[in-house]
């Protein structure tokens with residue numbers, strides 16, 4: 001399972017660009033940047049990303065990185081429970 005991590009280009013003012021670039025370097029992840037993800041309220045207020053379509057937000061980019069990895073682990077665990085490889 002390759003997680004899809006999506007970033008909004010309008011959210012980069014929160015410091016998410018550095019995190020996005022770091023995640024892009026990992027071949028186990030599909031990282032995509034869009035002009036808009038349609039979550040304008042969240043985007044304006046917090047650093048955030050979508051992980052397999054689920055919003056992950058945090059107070060700062062460093063915390064967002066931790067929460068993204070936690071969400072990936074949660075998704076992987078669920079995938080295993082459901083019989084994925």
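Throughout, read-outs are computed from the coordinates displayed, never taken from laboratory work. In this text, all values refer to a predicted model and were calculated from it rather than measured experimentally.
In table form, for the structure just shown:
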item	result
The stretch 4-81: relative contact order as a whole-number percent, Cα under 8 Å and 6+ apart	33 percent
Full-stretch length increase - residue 60, residue 1 - with 0.36 nm per residue and alpha-carbon distance subtracted	18.5 nm
Potential lengthening between residue 34 and residue 81 on full extension [0.36 nm per residue; Cα-Cα distance subtracted]	13.8 nm
Reported label for calculated P(r) over Cα pairs in 10 Å bins from 0, in percent given [x] 13, 19, 16, 13, 11, 10, 8, 6, 2, 0; [y] 18, 54, 23, 5; [z] 20, 47, 26, 6, 0	[y]
0 to 90° range, to nearest 10: angle between helix 61-81 axis and the chain longest Cα axis	20 degrees
